[in-house]
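Data block below; observations after.
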Amino acid sequence: MRHTFITTSDIMNIMAVTLGVLSCLGGMAVPAASGWAAPSSPASAARAADMVARMRPEEKLSVLRAFPAPQAEGNDAGAGLLTWPGVPRLGLPALRMPRFDDPHPPASAMPQLPFLALAAGWDPALAHRAGVLRAHDEWGRGRAMVRVGGVDLLPSGRLQAGEDPFLAGVTAGMVASGLMAGHVVPVFAALRAEEQGRGDGVVALPATLPAAVGQFMNTSMMGLSVALETARGGALACGGMIHACGALSGLAGMLRDQWHFGGMLMAMPGTLAGTDGVPMPPMTAVGDGVDMEQAQGADEGVYAAPLRRALASGAVQPARVDQMAQHVLTSLYGTGVLDHPPPFTRDRKAAPAGPAPVEGLMADIGAEGMVLLQNENQVLPLDDRSGPVLLLATQDLAGPLATLGEALRHDGVRVSQSIVSRGAPPPPQASQVARVVMLTDRDADNAFITALADLGGHVVTIMMSDSPDRAMPWLDVVDSVIQAWSWHDEYAAPLAAMLTGTRDFSGHLPMTFTGGFYPPGMAYADYHAFESAHIAPLFPFGYGLSVGGEVSYGDVHVTHEDATHLGAAFSVTDTSDHPVRAVAQLYLTPPPEAGGVKRLVGWRSIALTPGHAAHVSIPVDPHLLGQWDATAGTWSVPAGTYTFSVGSSAVMLMHQASVRLPALHVPAMLENLPSPTSQGE
């Protein structure tokens with residue numbers, strides 16, 4: 001039996017171990033954990049202020065922009081990248097970064113991190129490791145900044161972030177902390193249209209913009225706050241598909257006065273132009289809190305000639321430019337990228353010695369993130385007694401079909417495979433085998449899956465897309481259902497291991513699976529919406545099964561030294577004869593005066609052995625108890641009875657305990673947030 005008690009020092013220990021392992025890759029210098037401890041500490045801001053004081057006026061303006069730099073003939077190493085010019089006179093190196101409005105940035109050795117699969121693992125240590133490995137790749141390719149998905153200024157939609165700001169914020173924050181450990185600046189932003197919607201394309205954004213920033217403090221801004229506090233540094237970007245730089249009124253005041261965020265807010269290319277394409281006045285961009293502009297050309301943009309004219313006329317004061325330059329440098333100093341700048345050309349020594357680290361990471365993301373939704377008739381695991389297995393997929397999934405088939409054969413399963421056509425009947429061999437495994441990535445396969453199940457054999461359905469609103473009209477006639485997320489070939493080996501029982505499923509959903517059915521009038525069908533409507537979802541947020549393991553939860557005991565130091569303690573026992581990795585989830589139901597809707601406030605990933613119990617304690621940050629008070633600029637926690645429940649999903653809660661709290665007003669920033677973690681495998 002292994003379990004974890006979480007404090008800030010625990011996170012530091014996780015990072016120290018991760019960095020120690022990754023340092024063996026060679027090449028890039030990886031800092032010790034103590035170097036990461038306070039990247040947004042006063043020391044970074046002090047260094048930034050000292051540097052700004054030494055700059056000439058033109059140099060201060062230069063650090064507020066990044067733009068395409070001309071490429072030397074025959075050298076395309078920086079193609080598609082923007083250059084921040086630095087200040088050579090003062091030893092500030094030039095840095096490169098992607099255009100953050102580009103949904104297809106220049107290729108890297110490792111794929112974009114699959115955020116939903118990563119969040120489905122509920123494993124912050126794995127998220128940190130993912131950030132470290134990505135930093136290793138990006139730094140070696142000359143990139144000083146990387147976009148981090150999962151959280152944004154405005155609601156990003158469940159396809160981007162899942163549906164809980166706490167889970168999304170911790171996951172994104174731990175990825176960011178890994179990037180920072182590798183001297184790469186994490187930039188929190190979302191930009192692609194598909195990242196803004198539900199599975200059916202409905203976009204969960206306010207009807208009119210600009211909107212008051214406080215409107216989103218319980219959703220997207222909460223996730224962003226958690227991510228920044230977990231990472232303890234980084235940068236923000238606005239723009240892209242949602243034109244967010246001016247979309248939130250009061251954003252600059254919240255970032256600076258209430259959150260005490262000392263880093264930079266960056267505008268993507270073209271964002272400082274209105275919908276009619278006319279650039280906004282420099283004083284408007286400055287008033288919106290934008291510190292750096294990604295410009296489309298060396299002499300283009302609001303922070304080029306227009307800002308110089310605004311300074312000359314007095315419309316923008318020099319002291320404000322000083323503040324903007326300090327914000328930019330604080331983000332850069334906080335990651336160490338100015339002390340350890342990446343090369344402008346590919347650093348062969350910094351590149352991983354081989355593909356194994358990245359492949360291992362992606363395999364682990366798949367292993368921890370795949371979710372077993374249903375397993376009737378003990379169809380899983382597959383074994384020799386199951387007889388031959390038929391693996392089916394449409395032509396669109398021919399690649400995954402081949403890689404999974406090869407992995408199953410490697411694990412000793414007798415597998416045949418076939419490409420099928422939508423609208424055609426199942427192949428004859430489907431009625432001749434005891435087990436059929438169908439790979440599917442869209443609703444157009446539903447009729448075929450139903451026809452397959454009607455043959456009377458056992459059917460395992462593996463869903464290979466990220467849509468939480470996938471219709472499942474065949475759910476009652478198939479035996480097993482697995483959510484495998486958008487496919488990466490590295491998932492094949494761990495999925496085969498889970499199908500054959502050499503490894504158990506341990507993933508839990510980071511969003512509600514609705515089956516396409518939403519509560520009446522609810523456009524954004526997260527678990528709060530189902531809770532408010534008193535409707536049971538198809539598969540709830542946090543849900544996930546084990547093939548052989550079962551756990552039970554002991555009584556919950558709420559501990560509190562005072563109103564601001566809360567915690568919940570309980571036991572988790574493996575009641576089966578199989579080891580199991582449980583994700584014990586702690587939910588709070590506040591009184592009606594504080595919203596009254598159940599919310600996630602903590603979790604633990606626990607590896608249990610048969611018959612043994614883990615005693616778990618989860619601290620609860622007081623910010624998670626209340627509602628945002630825009631007038632006071634604080635979190636308001638009304639006096640009342642607060643109920644804590646523990647279980648394996650948002651609706652499968654076993655025990656609860658209540659505590660009476662006095663009224664509280666908690667400052668905006670989630671300082672020293674005790675983030676969940678796991679003990680690893």
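Numerical summary
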| item | result |
| --- | --- |
| Net charge of Cβ neighbours under 14 Å - reference Leu397; Lys, Arg +1; Asp, Glu -1 | -2 |
| The range 355-389 residues near the modelled Glu406 label - backbone nitrogen below 16 Å, point 7 Å along Cα→Cβ | 355-356, 359-360, 363 |
| Around Val184: net Lys/Arg minus Asp/Glu count, Cβ-Cβ under 9 Å | +1 |
| Relative contact order, percent, the range 402-476 [alpha-carbon distance under 8 Å, six or more residues apart] | 28 percent |
| Mean Cα-pair separation over length for the range 501-583, i.e. relative contact order, pairs under 8 Å, 6 or more apart, % | 30 percent |
| Cβ-placed point charges (K, R +1; D, E -1), dipole of the range 486-617 about Cα centre in debye, nearest 20 | 140 debye |
| Anisotropy class of the range 500-571 from Cα gyration tensor, a/c 1.5 cut | oblate |
| Over the range 557-662, relative contact order from alpha-carbon pairs under 8 Å, at least 6 apart, % | 30 percent |
| Cβ-based net charge around Met362, under 12 Å, with every Lys or Arg adding one and every Asp or Glu removing one | -3 |
| Listed residue (Gly301, Met268, Thr330) projecting farthest to the positive dipole end of the range 217-331, Cβ model | Thr330 |
| For the range 295-453, with +1 on Lys and Arg beta carbons and -1 on Asp and Glu, the positive-most of Val433, Pro341, Leu452 along the dipole | Pro341 |
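Values quoted throughout were computed directly from the atomic coordinates according to the rules given, and no laboratory measurement underlies them. All of these numbers come straight from a predicted model, not from anything done at the bench. Cβ: placed from backbone, ideal geometry, glycine included. Neighbour counts: every protein chain shown.
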